[in-house]
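Written below as structure tokens is the structure these notes are about.
Read the figures in this text as sums done on the coordinates, not as results from a lab. No experiment lies behind these values; they were computed from the predicted model shown. Backbone-built Cβ (ideal geometry, glycine too); neighbour counts: all protein chains shown.
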Amino acid sequence: IGGITSNSANHHHENWRFDTQNNSWARMADLPNIQSQHLAGFSKNGMGYIVSLENSNDVQFLRTWQYDPTQNKWNAVSTSPFTIPFDFLISSALIGDQLTIFTGNSLQIAYDLTSNEWIQKQTPEQFLLVAPVEDRIFAFGRSGIYEITNNTSVRLTYFDINERLAYTNYKFYVR
């Protein structure tokens, strides 16, 4: 879905579905004409969602779009009530009905699909990668690994990514 050219001049809004049984691609309804270079995507209850970091008059904000595959149609669902400092989306994780988005400027932004509410928090550092595990998010930053739940952020381990040193008592397994 989407993307831009290398010079950021042309935004692409194409939406494609892959049929695994026939090993073929089908073009679906294109994304609306949004000017976004950074998207976070997920699915919930048979619907597709995109959160886009958009720019209007040099002000950045987040907007949630919902794709209904039965109607082959996109709808704008919600726009964040606050602006985002100029930056980019790093990662996102969906746990339950809450999408948590991490930006490159150490902001943690949560969007609740059920209540349609946005929450903004400051994170301890810039996270490079996040991984949802059951009801928690593990966030990998420049100086450690953090466990994030609804109200807390706890550093589990410390390391200096610049020196490529790592120490941890925690092991992560994919089940």
Classify region 90-148 from the C-alpha gyration tensor, please: rounded if a/c falls under 1.5, else prolate or oblate depending on whether a/b exceeds b/c. oblate
Computed FRET efficiency, Cβ-Cβ of residue 128 and residue 59, R0 35 Å: what is it to the nearest 0.05? 0.85
If you take the square roots of the eigenvalues of the alpha-carbon gyration tensor of region 47-102 and sort them as a ≥ b ≥ c, do you get rounded (a/c under 1.5), prolate (a/b over b/c) or oblate? oblate
